[in-house]
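Student: Please find one structure pasted underneath; my questions will follow.
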Amino acid sequence: MMNLTLKIWRQKDANDKGQMVDYKVTDISEHMSFLEMMDVLNEQLVNSGDQPVAFDHDCREGICGMCSLYINGEAHGPDRGITTCQLHMRMFNDGDTITIEPWRASAFPVIKDLIVDRMSFERIQQAGGFISVNTSGNTQDANAIPISKHAADEAMDAAACIGCGACVATCKNSSAMLFVGAKVSQYALLPQGQVEAADRVKNMVEQMDLEGFGNCTNTGACEIECPKGISLENIARMNREFLSASLKG
Amino acid sequence: MSGLLSSSIARKFAMALSALFLIFFLLMHVSINLLSIFSEDAFNVASHFMGTNPLIQFLMQPILIIGVVFHFVMGFILELKNRKAVGVHKYVKNNGAANSTWMSRNMIYSGLAILLFIVIHFLDFWIPELKYKYVEVLPEEPTRYYHEMVEKFHNPIKVGVYVVAFVFLALHLLHGFMSAFQSMGLNNKYTKTFERCAKAYSIVIPGLFIFIAIFHYFNQ
Amino acid sequence: MAILDSKVPKGPIKDKWTTYKDKINLVNPANKRNIDIIVVGTGLAGGSAAATLAELGYNVKAFAYQDSPRRAHSIAAQGGINAAKNYMGDGDSNYRLFYDTVKGGDYRSREANVYRLAEVSGNIIDQCVAQGVPFARDYGGLLDNRSFGGVLVSRTFYAKGQTGQQLLLGAYSAMNRQIARGKITMYNRHEMLDVVKVDGKARGIITRNLITGEIERHSAHAVVIASGGYGNVYFLSTNAMGSNATAAWKIHKKGAFFANPCFTQIHPTCIPRSGDYQSKLTLMSESLRNDGRIWVPARIEDAKAIQQGKLKPTEIAEENRDYYLERRYPAFGNLVPRDVASRAAKERCDAGYGVNATGEAVYLDFAYAFKRYGTEQAKIHGIKNPSEAEIIKLGQAIIEEKYGNLFQMYEKIIAENPYETPMMIYPATHYTMGGVWVDYNLMTTVPGLYCIGEANFSDHGANRLGASALMQGLADGYFVLPYTIGDYLSDDIRTGKIPTDSPEFEAVEKEVKEQLDFFINNKGTKSVDYFHKKLGKIMWDKVGMARNEKHLKEAIAEIKQVREDFWKEVKVPGALNEMNVELEKAGRVADFLELGELFALDALNRKESCGGHFRDESVEQSGPQKGEALRDDINYKYVSAWEYKGKPSEAVLHKEQLEFNDIELKTRSYK
């Protein structure tokens, strides 16, 4: 059982200035997940008539990409290859002070407390994150175009992105290159996606810039903090795709 | 092609190209400097050639200057854009060391240190050189270079500044060299080997510059 | 009220769908532009429906409570998606998939719907591949299949352990294309709080903007509900924290019948609970049962010692272990269907043989698989006289290759190395077969109101087979609803825009606001979660894996009591016009508190054991099946469709009798 001090960012709404507030939680089991510890805090706050801390979460098994906390200076906390909901309290010690902040980036404005607005990601996907095929039921047979196992596996690795935004949050430049690179790569690696590959990469990058994300300076922090281990190779691939698409006109 | 430089990726690409050009220039520069250790004559011949050959003077030199200026200006532009992207709210606690190298996070500072050195280097060497050749139009003297250089390394403070500057250059290169390849879209199965070569380059080249300075300091 | 009419077309089962599609009314493309459709929920069913309807030309408004359609809980499905492609050449066919699904559902689903599902299954795979879903492939570049859930063919397509994610991202990308074209207006962070009927037809919904708290009116010519299942009525389930039944329950209260609420799937291989703070349960793929052996200690004193932490599982001798599934079901052993495996685990734990501190866990042991694979590998690699340790190491490598990510996930959560000590597992609520009653067109008993995916009572009968949920969601959304909805909308081409300032909208909005006002102003003393946990405990203890009349009656009374307390004592901090998570939860739990009661009532009414619904009173009394579930086809071969009459307890039961013309009714036997 642990007693902890939590320093949490509280912000009433988008217009509020916001500040760090200290809380104490007691009798935290090491088997709890981090968000269950937050539930305990919130139950405490509700019972004392205070507003609970708002934070995004949903599936609590590391796949929906909702949860998004910057814990002790790291996206999704100190463990690797996991989302915040998969972080367990056994990573901490009795008496610790834990700092909990929302994702920080101009393109991710805070909505409330620890919840940020990730609509910029949506707009990037809408700019080209798809293959223009109708769901008519008249597509050709799934096995009509063989795809090498290698390409299919690589596309899958890129497609594993959950869109949580940890890459942006952890990037010293708030760059979204890993997120965009993963989507561009998934389609660029598959024959189905190649038809409109040039337009896709140009449109998605243009939207990414419009949203105000920063430039990639290849620190590699995103790859390390990414809960799904999306590789930096995807950024290189996007650079390649973009440059060749731009040169072609 | 239109708007190529207006996109973030193109800016990074341009940054990488100018970087690779400067990296290549460093190799040339250190090669000539190295000659000073082995042979005074050889160094003088090479320096004289570089200093008087019209192709070098009127084509390569301006390109180099443009390259340097471009790299710095673009570096500042990118830094400003990135600061804007980060926004006014900074993390209260940020543990950058957990996921990235100091070098990669502080390119702007290692870059600024190098810029400072280049300014000193210009004042100390390049401006007198220009003055000699184009303002005062003194006669060509093919054997003056070696002495002029050795003299500069007499002052221990100068040598100290020189050494520190090249340490910063090494730090800058340790991240920058590989980063340039990534920005240009090169990341494949050879990347690991490349990375090792780039790391070796980043340490060996500045190391040689430092060695030459110290060598001359102790061999007066 | 309408008498249940399933509207199943006439003719041989193989031709029903084709003939039906040929004859239904269509809306011409120019008129589609004048028709609005609301889709609530953007998982596999809602997302695929929204995209397809928009492609056809309708104006779609899609609603999700999350910040993006990509976060719907379909994303968490791991294993795969079934399709009768017969790529493996192992004799698969539409009929076989149809047959397996009906049999797996313990003969409580509608034949015509299931056949249609099997028929379009192949098309789903074609569609998804065209969209860029990176399914697993073999070295020849063709699609790979795995086998799943005890069927006799390999027909499950998969994308690593993230098939649901990849399929959802496929549907999401199709939606994005339409959002960019302006054909879908996406309302993220919006929750539907009620449906609006005008002249008896569904014409719109009332929503709350979860960021600003604003109450909004949205009108359309048809409303599609794709809001998923109600598994969170148990509080603890493998569902997402936000998964709720509000949309489905609100339409039920406005006239849509609710079918078979008691058919709920309890999945056997979940990570056990560790304490009262637990917020959700984590599923581990059923595929683990292919290689793991399930056991508990045979001696009660060993079990007690383990519960107190005085004994380790590896210290229990072979003869003192009870491999209860192998003992009870020699033919299927550890691979019995989900419902059977779950009940058997509960039976052992109830008898006191559970293996963790809470007494609610059984072992899933891979030691044998390590040895078996290790020996095999030693032979393959030509290692002579390998040591025990070498064999185990070789075997572990194989298991790691197959289930490495699951083992890792387990270790993260439990902090025990499953390569060294057996895993602990326990059943958890996973999927709800029951849901809103729909006809062959997927329309509810309210005209113009459709329900698709897990939210409807679906094609899975009393039990769903593995890898079939994804199939049904996408079949409904991509290939069924877009056709059938046209038949209804063809009457609406001259209706014009539906105004939102009508008295009907006003009245429903008022109702919604009143409930929200109540929550904010109620000066209670207990949090929403307090009541949700109480409800969950009643549901799990008395309406869980095994049910009986006594417990069900108690449950009904207790749920009523909790509900009364809730309305008196609930406390919701904060205000209406802001993001207010507690307020969101309060509305959802209020609906669960009503649904739970209907659930228990339905379970009480169905005195047979069938699929996920097991009644202690209905078991085989003799013969080789002694003690197993006893289905009663004479009295219960129907879908129970409940009509709301003001209170859950006063719901009126309507029966849709099921006819089986193409499949013979048989007892499911796994002995």
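The values are calculated or read from the model by the stated rules, or taken from the named source; none is laboratory data. The model shown is predicted, which means the values in this text are computed figures rather than measured ones. We place every Cβ from the backbone using ideal geometry, glycine too, and count neighbours over all the protein chains shown.
Student: For the range B:93-148, how many residues meet the condition of being among the polar types (S, T, N, Q) and within 9 Å of chain A (Cβ to nearest Cβ)?
Tutor: Residues in the range B:93-148 being among the polar types (S, T, N, Q) and within 9 Å of chain A (Cβ to nearest Cβ): 6 in total.
Student: I would also like to ask the following. Please give the number of the condition C:G255 fails out of (1) surrounded by 24 or more Cβ atoms within 10 Å (Cβ to Cβ); (2) modelled with pLDDT of 95 or more.
Tutor: Result: C:G255 passes all but (1).
Student: Among (1) surrounded by 23 or more Cβ atoms within 10 Å (Cβ to Cβ); (2) touching a residue at least 60 places away in the same chain (Cβ under 8 Å), there is one condition A:L6 misses while meeting the rest; what is its number?
Tutor: Only one criterion is unmet by A:L6, namely (1).
Student: Another question, then. Please give the helices (runs of 4 or more DSSP H) falling wholly within the range A:170-249 in which 3 or more residues are closer than 24 Å to B:V86 by Cβ, touching a residue at least 12 places away in the same chain (Cβ under 8 Å) and within 11 Å of chain B (Cβ to nearest Cβ).
Tutor: Passing ranges, in order: A:177-188, A:197-210, A:221-225, A:233-248.
Student: Taking the range C:540-563 only, how many residues are small (G, A, S), in contact with a helix residue (DSSP H, G or I) (Cβ under 7 Å, 6 or more places away or on another chain) and more than 14 Å from C:D602 (Cβ to Cβ)?
Tutor: Count: 1.
Student: Pull up the range A:61-81, narrow it to residues that are touching a residue at least 60 places away in the same chain (Cβ under 8 Å) and within 14 Å of chain B (Cβ to nearest Cβ), then point me to the one that is surrounded by the fewest Cβ atoms within 10 Å (Cβ to Cβ).
Tutor: Among them, the one singled out is A:R80.
Residue-wise test of (1) touching a Ser or Thr at 6+ places or on another chain (Cβ under 7 Å); (2) at the interface with chain C (Cβ under 9 Å from one of its Cβ atoms); (3) basic (K, R).
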| site | (1), (2), (3) |
| --- | --- |
| A:A127 | no, yes, no |
| A:G137 | no, yes, no |
| A:N143 | no, yes, no |
| A:A158 | yes, yes, no |
| A:C164 | yes, no, no |
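Student: Does C:S109 satisfy the condition of being farther than 30 Å from A:F130 by Cβ, crowded, with 24+ Cβ neighbours inside 10 Å, among the hydroxyl-bearing types (S, T, Y) and more than 10 Å from chain A (Cβ to nearest Cβ)?
Tutor: yes
Student: Among the listed residues B:A180, B:A200, B:A213, identify the single one that is without any contact (Cβ under 8 Å) to a residue 24 or more places away in the chain and small (G, A, S).
Tutor: Going through B:A180, B:A200, B:A213 in turn, the sole match is B:A200.
Student: Shifting gears a bit: Kindly indicate which of C:V512, C:V480, C:V508 is over 30 Å from C:G57 (Cβ atoms) and β-branched (V, I, T).
Tutor: None of the other options fit; the residue is C:V512.
Student: Take B:A85 and tell me if it is within 12 Å of chain A (Cβ to nearest Cβ), part of a helix (DSSP H, G or I) and free of Cβ contacts under 8 Å to residues at least 60 places away in the same chain.
Tutor: Yes.
Student: Any idea how many residues of the range A:24-60 are in contact (Cβ under 8 Å) with a residue 12 or more places away in the chain, in a loop (DSSP other than H, G, I, E, B) and more than 13 Å from A:L6 (Cα to Cα)?
Tutor: Going through the range A:24-60 one residue at a time, the tally reaches 10.
Student: Taking C:R668 as the residue in question, decide whether it is at pLDDT 95 or above and either surrounded by 20 or more Cβ atoms within 10 Å (Cβ to Cβ) or not β-branched (V, I, T) (or both).
Tutor: Answer is no for this residue.
Student: Here are some residues: C:G435, C:G473. Which one is within 23 Å of C:A72 (Cβ to Cβ), buried (at least 23 other Cβ atoms within 10 Å of the Cβ) and within 14 Å of chain A (Cβ to nearest Cβ)?
Tutor: Of C:G435, C:G473, the one residue that is within 23 Å of C:A72 (Cβ to Cβ), buried (at least 23 other Cβ atoms within 10 Å of the Cβ) and within 14 Å of chain A (Cβ to nearest Cβ) is C:G473.
Student: Could you check, for the range C:415-423, whether at least one of its residues is part of a helix (DSSP H, G or I) and without any contact (Cβ under 8 Å) to a residue 12 or more places away in the chain?
Tutor: Looking for residues that are part of a helix (DSSP H, G or I) and without any contact (Cβ under 8 Å) to a residue 12 or more places away in the chain, one finds none in the range C:415-423, hence no.
Student: Considering only residues that are in a loop (DSSP other than H, G, I, E, B) and either of a type in the set (A, V, I, L, M, F, W, C) or crowded, with 23+ Cβ neighbours inside 10 Å (or both), which ones fall in the range A:137-164?
Tutor: Of everything in the range A:137-164, those that are in a loop (DSSP other than H, G, I, E, B) and either of a type in the set (A, V, I, L, M, F, W, C) or crowded, with 23+ Cβ neighbours inside 10 Å (or both) turn out to be A:A142, A:A144, A:I145, A:I147, A:A160, A:C161, A:I162, A:G163, A:C164.
Student: Please tell me if A:A107 is of a type in the set (A, V, I, L, M, F, W, C), more than 21 Å from A:N173 (Cα to Cα) and either surrounded by fewer than 24 Cβ atoms within 10 Å (Cβ to Cβ) or within 13 Å of chain B (Cβ to nearest Cβ) (or both).
Tutor: no
Student: Those residues that are part of a loop (DSSP other than H, G, I, E, B), in contact (Cβ under 8 Å) with a residue 60 or more places away in the chain and away from chain A (no Cβ under 14 Å), I need them from the range C:254-307; list them, please.
Tutor: C:K254, C:G255, C:A256, C:F257, C:N260, C:P261, C:C262, C:F263, C:D291, C:G292
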